[in-house]
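Before any comments, here is the structure.
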Amino acid sequence: MNPKDLTTYAKNTWCPGCGNFSILSALRTVLAQLDGEGVPIENVVLVSGIGCHAKIVDYLNINSFYSIHGRTMPVATAIKLANPDLKVICFSGDGDSLAEGLDHLVFAAKRNIDLTMILHDNRVYGLTTGQYTPTSPQGFRGKSTPLGSVELPMNPLELMLVSGATYIARGYTHGLDLLQRLLREAILHRGFSFVDVLQVCVSYFNMYETYNKRTYEVKGNDTGSFEQAMKIIRSWNYDGGETPIPLGKFYQADLPCFDQVFPGYERKAVDRDAKMNEILENFI
Amino acid sequence: MDNFSTLIGGIAGDGINEAGVTVGRLFSRLGYHIYMYYDYPSLIRGGHNFSLVRASSHKIGTHMDQVDVLIALNQETLEKHLGRLKDSSFVIYDMDKVKAEGFKQKGCGLPVSGILKEEGALPIMRNTCILGGFCRVVGIEWAVLEDVLRKHIPKKLEQNLQVARRGYDSAVEFCRVEKLDMPTLPIMTGNQAIGLGLIKAGLGAYVAYPMTPSSSLLDFMARFAPDFGLKVVHPENEIAVMLMAQGFAYAGIKAAVGTSGGGFCLMTEGLSLAGMAEMPVVIIMGQRTGPSTGLPTYTAQGDLHFILNAGQGEFPRFVVSPGDAEEAYYWSGVALNMAWKFQVPAFILSDKTVSEGQYSFDLAAAGDLREEAYPLWKGQGRYHRYQYTETGVSPLAFPPQKGQVIKVDSYAHDEYGITTEEPKITKDMNDKRLLKGGSLAKDLEGYETVKVAGEGKTALLFWGSNKGVCLEAAEKLRLRAVQVLVLSPFPEEKLKEALAGIERVIAVECNSTAQLARLAGCYGFKTQDRILKYDGRPFSLNDLEAELGKVLA
């Protein structure tokens with residue numbers, strides 16, 4: 001399959017230079033490849049929240065559920081429970097699933113359900129024109145925090161690790177090879193995969209220069225070690241200083257998934273009427 | 001004997017609900033119709049619980065204030081319910097716990113604690129012991145009680161039988177409840193009936209977060225999930241509940257959710273999504289006394305306008321409010337069918353009275369319920385999720401579909417499911433959704449969406465759980481009883497026919513602002529009087545008769 005076949009007629013409305021273009025391109029390439037490798041494209045379902053990130057589902061000619069702000073996980077969870085053969089991939093912004101929908105994200109990781117979450121982490125609300133988010137650095141001057149935000153940022157990867165996610169990685173929208181590799185691994189991983197993608201918002205929080213200078217790919221790390229993963233993840237806490245920013249796969253574990261262990265009683269040929277009569281008889 | 005009322009009371013943890021159901025089952029076996037009101041505060045142990053079980057030779061759906069037999073497991077029960085005693089009433093009490101003071105009626109004390117001690121029985125068996133005594137007092141043969149206990153006691157059956165027998169032998173016969181030549185009907189709560197109706201109509205998944213008075217429906221679904229191949233999920237909150245239901249629907253599984261007012265508040269953004277994305281979903285909304293936490297375990301009909309208007313934007317919805325277990329069964333199934341035939345949210349608007357009250361249930365009388373077919377894509381050409389059609393309903397397809405794409409969208413969208421801001425498509429799609437509402441209303445013309453009983457120039461206008469009390473009061477006072485079952489789309493024509501020739505309309509509701517009367521008023525129907533109750537308790541037959549007496553005087 002040619003990645004171009006996955007394009008729709010929707011007009012792309014992202015700003016020129018937006019990091020989302022890289023995610024779109026990387027994903028299209030990965031899904032086109034996987035189509036020939038046992039993940040048929042018709043089995044893929046994309047679920048998005050609301051925000052700039054979410055427009056990606058309009059630009060991909062693939063099954064999709066364009067959900068509401070913060071609510072990707074519950075929709076995706078039910079789709080997976082309904083039909084475990086489907087490959088469900090979620091897109092969310094840092095405001096979307098770390099603020100509005102944080103409870104769902106923690107529970108998805110806790111269940112280790114076989115879904116992939118791609119976090120378009122631009123650390124700012126773009127569509128609402130520039131407010132601070134849970135991953136904005138302290139002191140971020142946004143429209144809702146003109147004097148600078150006083151909160152420390154949240155480290156979503158740390159949260160995902162302790163919540164039970166079994167594939168945790170960070171990518172950057174510069175460096176497509178690494179991003180494609182991580183997305184591919186995340187999608188193929190059995191269990192809850194979380195990929196934090198440093199995706200730059202050119203209009204409200206242009207971090208290209210900083211990220212180009214400070215990011216590096218972690219190599220040779222033991223991805224089976226919770227402690228090592230935690231150490232790498234904690235080495236950068238989304239601050240605005242000079243700390244180096246690790247990229248790559250930080251953690252992977254093979255553990256039972258919710259969709260495998262869920263008592264997903266087969267919709268077998270049940271004699272509904274006979275069983276109902278039996279229940280009625282027990283109400284006598 | 002037309003009516004026989006029994007009240008059993010004790011503290012939470014005494015098994016008062018189950019004891020009341022046992023009394024109901026005893027009378028059922030004698031051919032009686034049953035209605036049971038269960039009253040309990042919001043706590044786990046302690047407090048005052050009571051079950052008021054009414055048996056009648058006729059179909060009933062309400063209780064009466066006075067009782068024929070009062071069973072007191074503690075002093076508080078006796079004190080609180082002395083006012084319910086008639087001259088002819090009889091009191092049964094645990095003589096080890098209750099001082100037989102303050103009443104002149106006949107009674108009998110049973111040495112319950114002594115019997116339990118001698119038999120080495122657990123405290124929970126107190127009610128088994130006293131129910132043994134009850135059977136003797138009202139002349140129900142031992143064999144009938146033994147049959148009920150053998151069928152329904154899961155643990156320590158022999159010991160329970162022994163304790164019951166000792167209670168039976170310690171009591172004296174006071175009267176003899178006659179056996180009717182009528183079939184024995186099952187007894188169930190409205191929630192159980194809702195569960196069975198949904199399952200009958202093809203439910204595949206149930207998603208809920210516990211909240212009184214709907215929690216017992218979640219328990220029911222979870223318990224029977226393996227038998228019916230149901231996927232039952234209890235997620236992190238009601239927001240997830242509502243969204244999960246739509247994930248299931250996207251993948252082709254018929255789903256329902258259950259909650260009460262506070263939980264439904266969290267579901268409203270998801271409800272609006274269902275309206276825009278045209279996702280079929282059934283919502284069971286068990287009303288309780290509000291606002292806010294209110295009285296968690298007591299009843300109300302305060303959320304009608306909330307349900308009718310919840311969610312931003314305009315979109316059609318189906319709302320039905322069943323008045324007893326048989327209607328709960330039938331209309332829950334209909335709601336599921338309607339949700340899928342018209343891809344709309346469908347509400348089953350219940351309340352604590354219907355959801356947790358016990359009713360005799362006659363499947364044959366409930367109506368012929370079937371799983372209905374809904375518009376499915378026939379596999380020709382390119383699939384468009386939101387294709388324009390004559391009915392407004394676009395055929396459904398579920399992933400995976402080789403060579404096809406199924407796109408669902410919360411934004412304004414085109415036929416393919418791609419986001420748009422074009423004014424013409426925005427308007428056309430809005431019209432398409434409203435057209436579905438019209439198609440739904442047309443389909444409902446074949447259903448009894450308004451029920452009428454009795455004749456007269458004065459009508460009682462009511463909905464939901466007030467059915468039982470209004471039917472009975474109307475019959476007694478020769479009034480016309482008009483029950484509005486479907487509240488959206490509003491059955492304007494049928495209500496017009498139902499009220500033909502009526503000079504005076506009395507609205508009877510369990511809220512403080514007469515919500516049905518206000519709704520009917522929007523369609524030009526005038527109500528002359530309003531009888532409203534909003535103290536958390538349902539009308540008893542006596543309550544309503546007294547109020548009607550004032551209004552009609």
**Q.** Identity of the residue in region A:40-64, farther than 17 Å from B:T420 by Cβ and part of a strand (DSSP E or B), that ends up nearest to the other protein chains (Cβ to nearest Cβ)
**A.** A:V45
Q | Selection status of A:S136, under 17 Å from A:I245 (Cβ atoms), small (G, A, S) and assigned to a loop (DSSP other than H, G, I, E, B) | A | yes
Q. Quick check, is B:G20 under 19 Å from B:V91 (Cα atoms), out of contact with any helix residue (DSSP H, G or I) (no Cβ under 9 Å at 6 or more places or on another chain) and modelled with pLDDT of 95 or more?
A. yes
Q) Are any residues in region B:199-236 within 11 Å of chain A (Cβ to nearest Cβ) and either farther than 30 Å from A:V106 by Cα or among the β-branched types (V, I, T) (or both), and if so, which ones? A) B:I199, B:K200, B:A201, B:G202, B:V207, B:D227, B:F228, B:V232, B:V233
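Yes/no matrix, rows are residues, columns are (1) crowded, with 20+ Cβ neighbours inside 10 Å; (2) in contact with a strand residue (DSSP E or B) (Cβ under 7 Å, 6 or more places away or on another chain); (3) farther than 30 Å from B:D351 by Cβ:
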site: B:V137; (1), (2), (3): yes, yes, yes
site: B:V148; (1), (2), (3): yes, no, no
site: B:A164; (1), (2), (3): yes, no, yes
site: B:D181; (1), (2), (3): no, no, yes
site: B:I187; (1), (2), (3): yes, yes, no
site: B:G197; (1), (2), (3): yes, no, no
Q | Number of the exception - B:L266 against (1) more than 7 Å from chain A (Cβ to nearest Cβ); (2) in contact with a helix residue (DSSP H, G or I) (Cβ under 7 Å, 6 or more places away or on another chain); (3) within 27 Å of B:M36 (Cβ to Cβ) | A | (3)
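Could you tell me which residue of region A:184-217 is surrounded by the fewest Cβ atoms within 10 Å (Cβ to Cβ), considering only residues that are part of a loop (DSSP other than H, G, I, E, B) and in contact with a Lys or Arg (Cβ under 8 Å, 6 or more places away or on another chain)? Spell out how you get there, then give the answer.
Taking region A:184-217 as the starting set, the residues that turn out to be part of a loop (DSSP other than H, G, I, E, B) are A:189-192, A:199-200, A:202-204, A:206-207.
If we keep only those that are in contact with a Lys or Arg (Cβ under 8 Å, 6 or more places away or on another chain) as well, we get A:192, A:207.
Numbers: A:F192: 28, A:M207: 21.
So, considering only residues that are part of a loop (DSSP other than H, G, I, E, B) and in contact with a Lys or Arg (Cβ under 8 Å, 6 or more places away or on another chain), the one surrounded by the fewest Cβ atoms within 10 Å (Cβ to Cβ) is A:M207.
Taking region B:237-263 only, how many residues are surrounded by fewer than 20 Cβ atoms within 10 Å (Cβ to Cβ) and within 11 Å of chain A (Cβ to nearest Cβ)?
Within region B:237-263, the subset surrounded by fewer than 20 Cβ atoms within 10 Å (Cβ to Cβ) is B:237, B:252, B:262.
Those still in the list that are within 11 Å of chain A (Cβ to nearest Cβ) too: B:237, B:252.
Within region B:237-263, residues that are surrounded by fewer than 20 Cβ atoms within 10 Å (Cβ to Cβ) and within 11 Å of chain A (Cβ to nearest Cβ) number 2.
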Q | Pick from region A:74-114, criterion under 14 Å from A:D259 (Cβ atoms) and β-branched (V, I, T), ranking: farthest from the other protein chains (Cβ to nearest Cβ) | A | A:I113
Q.
If B:G379 satisfies all but one of (1) within 14 Å of B:A255 (Cβ to Cβ); (2) not assigned by TED's automatic domain parsing to the domain that holds B:A249, what's the number of the condition it fails?
A. (1)
Q) So, of the residues in region B:314-337 that are closer than 18 Å to B:P186 by Cα and among the hydroxyl-bearing types (S, T, Y), which turns out to be surrounded by the most Cβ atoms within 10 Å (Cβ to Cβ)? A) B:Y329
**Q.** Per-region count, region A:235-259, residues in contact with a strand residue (DSSP E or B) (Cβ under 6 Å, 6 or more places away or on another chain) and charged (D, E, K, R)
**A.** 1
(Q) Consider region B:507-545. How many of its residues are closer than 16 Å to B:G468 by Cα and free of Cβ contacts under 8 Å to residues at least 60 places away in the same chain? (A) 5
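Applying the selection to region B:405-419, what residues are part of a loop (DSSP other than H, G, I, E, B) and either of a type in the set (D, E) or under 8 Å from A:N63 (Cα atoms) (or both)? Step through it out loud before you land on a result.
Of all residues in region B:405-419, those part of a loop (DSSP other than H, G, I, E, B) come to B:405-406, B:410-412, B:414-418.
Passing the criteria: B:V405, B:I406, B:D414, B:E415.
Before we move on, is B:L52 under 25 Å from B:T184 (Cα atoms) and under 20 Å from the mean Cα position of the chain (by Cα)?
Numbers: under 25 Å from B:T184 (Cα atoms): yes; under 20 Å from the mean Cα position of the chain (by Cα): yes.
Considered against the rule, which asks whether it is under 25 Å from B:T184 (Cα atoms) and under 20 Å from the mean Cα position of the chain (by Cα), B:L52 comes out as yes.
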Q. Since A:A169 meets every condition but one in (1) over 13 Å from the mean Cα position of the chain (by Cα); (2) more than 20 Å from A:I56 (Cα to Cα); (3) in contact (Cβ under 8 Å) with a residue 60 or more places away in the chain; (4) not in a loop (DSSP other than H, G, I, E, B), which condition does it not meet?
A. (1)
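Conditions (1) surrounded by fewer than 18 Cβ atoms within 10 Å (Cβ to Cβ); (2) under 24 Å from A:H104 (Cα atoms); (3) in contact with a strand residue (DSSP E or B) (Cβ under 8 Å, 6 or more places away or on another chain), marked per residue:
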| site | (1), (2), (3) |
| --- | --- |
| A:W14 | no, no, no |
| A:S25 | yes, no, no |
| A:G38 | yes, no, no |
| A:V44 | no, yes, yes |
| A:G49 | no, yes, yes |
Q. Has region A:141-158 got any residue that is at pLDDT 95 or above, surrounded by fewer than 19 Cβ atoms within 10 Å (Cβ to Cβ), within 14 Å of another protein chain (Cβ to nearest Cβ) and farther than 22 Å from A:P246 by Cβ?
A. no
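The values are calculated or read from the model by the stated rules, or taken from the named source; none is laboratory data. Keep in mind the model is a prediction, meaning the values are calculated, not measured. So basically every Cβ, Gly included, is an ideal-geometry build from the backbone, and we count neighbours across all protein chains shown.
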